[in-house]
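The values are calculated or read from the model by the stated rules, or taken from the named source; none is laboratory data. Note that the structure is a prediction, hence the values are computed from the model and not measured. Note that each Cβ is placed from the backbone with ideal geometry, even for glycine, and that neighbours are counted across all protein chains shown.
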Amino acid sequence: MHTEIIGVVATFIATVLLAIPLGKYIAKVFSGERTMLDFLAPAERFFFRVSGIDATREMDWKENLLALLTINFVWFLYAMVILMVQGSLPLNPDHNPSMSPDLAFNTAISFLVNCNLQDYSGETGVSYFTQIGVLMFLQFVSAATGVAALAVVINAMKERTTDKLGNFYNYFVKTITRILLPLSVIVAVIFLLNGMPMTWEGKDTITTLQGDTVQVSRGPVAAFVPIKHLGTNGGGFFGVNSAHPFENPNYLTCIIELMAQSLLPMALVFALGYYLKRRKLAVMIFSVMTIGFLLLTIATIMLEVKGNPMITHMGIDMHSGAMEGKEVRFGAAISAYWSILTTVISTGSVNAMHDSFMPLSGMNQMLGMMVNCFYGGKGVGILNFYIFIIIAVFISGLMVGRTPEFLGKKIEAREMKIAILIALLHPFLILVGTALSSYFAAHDTAMGWWFRGKASGWLSNGGYHGFSQMLYQYTSSSANNGSGFEGLSDNNPFWNITAGIVMILGRYLPIIGPVAIAGILAKKKYIPESAGTLQTDTATFGLMVFGVIFIIAALAFFPSLALGPIAEHFSMY
Amino acid sequence: MKTHVFSAIRLTVVLLVVCCIVYPAFIWGIAYFTPSHGKGDTVEVNGKTVGYTLIGQSFTQDKYFNGRPSAVGYNAAGSGGSNKGPTNPEYLASVQAAIDTFLIKNPAVKRADIPAELVTASGSGLDPDISPEAADIQVPRIAKVRGISEDKLKALVAQHIQGPLFGLFGPSKVNVLQLNISLDHTK
C-alpha cells in the first residue's frame, strides 16, 4: 500500500511544479509577449482572415459575451444535426444508430458546456465520426471558451479604468493553438507508447484462451483522451471512461491523465498572478483551493484504503481496500485521489465507478462539485472563485466598516446582486432537480414516453443510496462535471431533458455573471491602495473566502447530504 | 450581431479542419510507428491471436488462474462496473456468494487470506490483472488439477509479477492472460 500512497503524493507534487512555469507561459500568451510558439502566428492570422475576424479589435464585456454565446450556439446546432444522423454518416464501422432527439439534445449540450455527462455508452452509442468530429471538437472549443472568458475577466482586473477588455476570438483561438493542441500532441504520444489504440477499424472478434468468442471495441482513442483531460471535459471514449484498459492502460498513463486534467486549472491561477503582477493574490487563491482539495482528498483516500466495513465483516483480506468498481492496476489510493480531483475540477472522467465508493467518499465527491471552485474547471473554476471573493470582500467590508473594494474597484449593490444570484443558482438547480426526481421515484410515477417506464426503474440501488444517485446526477450536471453514479438509468426523456436544461443554466449564467461584474468594475474609477484598503491577498482574507465557501456549501447542501450519503454511512455500522 | 454569426460559422469550419482532421491525422500517423500500428497490442499463441494484452478475459475453469468478477462477462464489445452501492443487500449477498464459491473450489485456502479484489467486480468489467496474492492463493488448486508441483507454479507466478512503476509508484499486479498462457506451456 505504501507505494500507492507515494504514487499519489508524487503525482500531486509533480503537477504543481509543472503548473507554475505553465502559468507563466499562459500569462505571456494572453499579454502578447514573446513565447517559443510564436512561429504559429502566421497560421493564426490566416485563421482570422478566413473567418473575417479582426482579432486586434478590443471589445467591451457585452460584445465579448455576444461573440462567445453566438459561436456556442453555432456549435450546438452543428452537434445536434450530426448526432441525429450519425447512423448514415461515414466512419461508423460498428453500425451504431443515430440518436433520438432527447438523447442528442442531452449529448450536444453536455459536450458544448464542458460537462460531458454521458447518457449513452461510447461503444454502442456513437460513431467514430461523432467521437472525433463532434465530441472531440467540442472538447477543444468548450475548454477554450472557458479560458477565453477567464482571460476577459482577468483583463478587467488590471489597475485602470476602461471598457476595452480584449478580444474573445483572440483569446479563444490562441488557447487552442498555443496551449491545448501542443499539449494534446505531447500527451497523445505518451499514450501511444503505452499501448493506447489509434485506429479507424471497428470491433475485433477473437476466440479467447478458454475458448469463448468475444468482441473487442477499439477506435481512435489516443487522439481523444488527451484533450478529454487537458480540457477538463471528461467524456469517455468508452462507456467506463478511464477505467477501460484501452483508455488508461497502466499506472503511468493514470498519472499522466491525472496531471493532464489538473495542470491547466492550477496553471491558470498562477497565470492570473503573473498577468496582473499580483503574485500574493495568486498564492492566496491557490492556497485556499489546495487546502479545500486536500481536506476532501485525504479523507477519501483513508475511507477507500480502509475498505467496505460490511465486507470486512465477512472475514476476508481487505488490505487492497474497497476494490468494487476499481481496477487492480491503479489500486484504491490513486482511484480515491482521482475521484476527488475529477470532481473538484470539472473533468468528470473516472478511473473507478463512483457509485461503488464508500458513502462518505461519495459525499466528498459531491462536495467537490457543490463547491466547484477548488481549482475548478478550465477557466470557470476561477470565475466561480471570483464570485466567492466578491461576496467575501463585501462581508469583510461590512465587518470592519470599510467600503468594500477589490483590486481598487468599489463593490456596490449591482455587482453584489449578480454575485449572490450566481452563488444561489447552483444550489437552486441541484436541489430543485433532486426534489422533482425524488418525488417521482418515491411515488413510482409512470409517465409514458417521458419516463420510458416507471420511475422506480431509474435506480440500481434502493434507500439512501438511490437518493444519492439522483442528487449526484443533478450536482454533476449543474457543476458541468459529467461524472455520475452510473447505476442511474438516465437515458430517457425525463433525465435527458431536465439534466440538459440544468447543464445550460449551470454553464452560461456562471460565465455571464462574473464577466458582467468584471466589466462593470473595470469601467469604475480606479482607487489607489491606501492604508485604509482591505487587503485581499492575505491569509486572513483567504480564511474569510474559505469561510464563505464553507457556509454557502454547508448551509445549502447539508440537509440533502444528510438524507443521502451521511444516512447511508451510519447504516453501515 | 450579423458579423458575429458569419464569423462564428467560418471560424467553426476552420477549427473543424484543424482539430478534427489535421490533429487526429497527425496522431494516427505517429501511431503507425508503434508496434501494433495503433490497433492494440495482441497476444498470439502458435501464430493464432488469442486476445489483447490489455483486455481481460473470462477464466472460469479450475485449471486456469481465475480473474476478478465482471459485470459484463469480459465481453469487450461493451464495458461496465456493477454500479452497486456499498450497502446494497443484493450486492453484499453476491460478494458473500463469491467468497463461498471460492472456498469450495479452493479448500486449502483460509477465508482470511482471500484478497478483496478477487471477490469484487472491477470498474471496467475488463480488468486484465489480479494482485500477486490473488494469484498465489490459487496455486494449490491448479497444482492439483494439473499435476504440477506447487513450487513450480509459485515460481511461475513470481516471474509474471509486474512491480510498481519505477519500483516506487503504485500497486504490483499479474496479467492473468499472460500468466495462463505460460501455464499452458508448463509441464
Checklist outcome for this item: Counted residues in the range A:20-71 being assigned to a helix (DSSP H, G or I) and of a type in the set (Ser, Thr, Tyr) come to 4
Item to check | Top-ranked residue of the range A:391-439 - restricted to ones that are of a type in the set (Val, Ile, Thr) and modelled with pLDDT under 90, ranked as farthest from residue A:154 (Cα to Cα) | outcome: A:400
Checklist outcome for this item: Flagged in the range B:70-87 as farther than 10 Å from residue A:324 by Cβ and facing chain A (nearest Cβ under 7 Å), in numbering order, are B:74, B:75, B:76, B:77, B:78, B:79, B:80, B:87
Checklist outcome for this item: Within the range A:30-71, the count of residues that are within 25 Å of residue A:111 (Cα to Cα), surrounded by fewer than 19 Cβ atoms within 10 Å (Cβ to Cβ) and hydrophobic (A, V, I, L, M, F, W, C) comes to 2
Next on the checklist: Residues that are away from chain B (no Cβ under 13 Å) and surrounded by 24 or more Cβ atoms within 10 Å (Cβ to Cβ): list the helices (runs of 4 or more DSSP H) wholly contained in the range A:72-191 that include at least 3 such residues.
Outcome noted: A:101-112, A:137-156
Checklist entry - Looking at the range A:34-74, which of its residues are touching a His at 6+ places or on another chain (Cβ under 9 Å) and farther than 30 Å from residue A:524 by Cβ? => result none
Checklist entry - Within the bounds of the range A:438-448, is there any residue that is of a type outside the set (Asp, Glu) and closer than 25 Å to residue A:111 by Cβ? => result no
Next on the checklist: It is to be established whether one or more residues within the range A:287-304 are away from chain B (no Cβ under 13 Å) and touching a Ser or Thr at 6+ places or on another chain (Cβ under 6 Å).
Outcome noted: yes
Checklist entry - Does the range A:288-320 hold any residues that are of a type in the set (Ser, Thr, Tyr) and touching a helix residue (DSSP H, G or I) at 6+ places or on another chain (Cβ under 6 Å), and which are they? => result A:297, A:300, A:320
Checklist entry - Could you list, in sequence order, the residues of the range A:458-476 that are outside any loop (DSSP other than H, G, I, E, B) and at the interface with chain B (Cβ under 10 Å from one of its Cβ atoms)? => result A:463, A:464, A:465, A:466, A:468, A:469
Checklist entry - What number goes with the only condition from (1) free of Cβ contacts under 8 Å to residues at least 40 places away in the same chain; (2) away from chain B (no Cβ under 14 Å) that residue A:314 does not pass? => result (2)
Next on the checklist: Condition (residue is more than 19 Å from the chain's Cα centre (by Cα) and of a type in the set (D, E, K, R)) applied to the range A:103-119: is it met by at least one residue?
Outcome noted: no
Item to check | Candidates A:281, A:272, A:264, filtered to the one that is in contact with an Asp or Glu (Cβ under 9 Å, 6 or more places away or on another chain) and under 30 Å from residue A:545 (Cα atoms) | outcome: A:281
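Using the structure shown, decide if residue B:48 is of a type in the set (D, E, K, R) and within 7 Å of another protein chain (Cβ to nearest Cβ).
Values: of a type in the set (D, E, K, R): yes; within 7 Å of another protein chain (Cβ to nearest Cβ): no.
Against the criterion (of a type in the set (D, E, K, R) and within 7 Å of another protein chain (Cβ to nearest Cβ)), residue B:48 does not qualify.
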Next on the checklist: I'd like the full set of residues that are out of contact with any helix residue (DSSP H, G or I) (no Cβ under 8 Å at 6 or more places or on another chain) and charged (D, E, K, R), limited to the range A:1-27.
Outcome noted: none
Checklist entry - assigned by TED's automatic domain parsing to the domain that holds residue B:51, closer than 25 Å to residue A:245 by Cα and among the basic types (Lys, Arg) - does that describe any residue in the range B:84-98? => result yes
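Table: residues versus (1) at the interface with chain A (Cβ under 7 Å from one of its Cβ atoms); (2) in a loop (DSSP other than H, G, I, E, B); (3) in contact (Cβ under 8 Å) with a residue 60 or more places away in the chain; (4) charged (D, E, K, R).
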{"position": "B:4", "(1), (2), (3), (4)": "yes, no, no, no"}
{"position": "B:23", "(1), (2), (3), (4)": "yes, no, no, no"}
{"position": "B:33", "(1), (2), (3), (4)": "no, yes, no, no"}
{"position": "B:37", "(1), (2), (3), (4)": "no, yes, no, no"}
{"position": "B:66", "(1), (2), (3), (4)": "no, yes, yes, no"}
Next on the checklist: Where the second residue is charged (D, E, K, R) and part of a loop (DSSP other than H, G, I, E, B) and the first is in the same structural domain as residue B:63 (by TED's automatic domain parsing) and lies in the range B:164-187, which pairs have Cβ atoms under 6 Å and are six or more apart or on separate chains?
Outcome noted: B:173/A:329
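A quick yes/no check of all residues on (1) under 30 Å from residue B:80 (Cα atoms); (2) touching a helix residue (DSSP H, G or I) at 6+ places or on another chain (Cβ under 7 Å); (3) small (Gly, Ala, Ser):
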| site | (1), (2), (3) |
| --- | --- |
| A:109 | yes, yes, no |
| A:124 | yes, no, no |
| A:133 | yes, yes, yes |
| A:143 | yes, yes, yes |
| A:149 | no, yes, yes |
| A:165 | no, yes, no |
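Restrict the check to the range A:322-334 and report whether at least one residue is buried (at least 24 other Cβ atoms within 10 Å of the Cβ), outside any loop (DSSP other than H, G, I, E, B) and within 21 Å of the chain's Cα centre (by Cα).
yes
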Checklist entry - Quick one: is residue A:241 at positive phi and among the polar types (S, T, N, Q)? => result yes
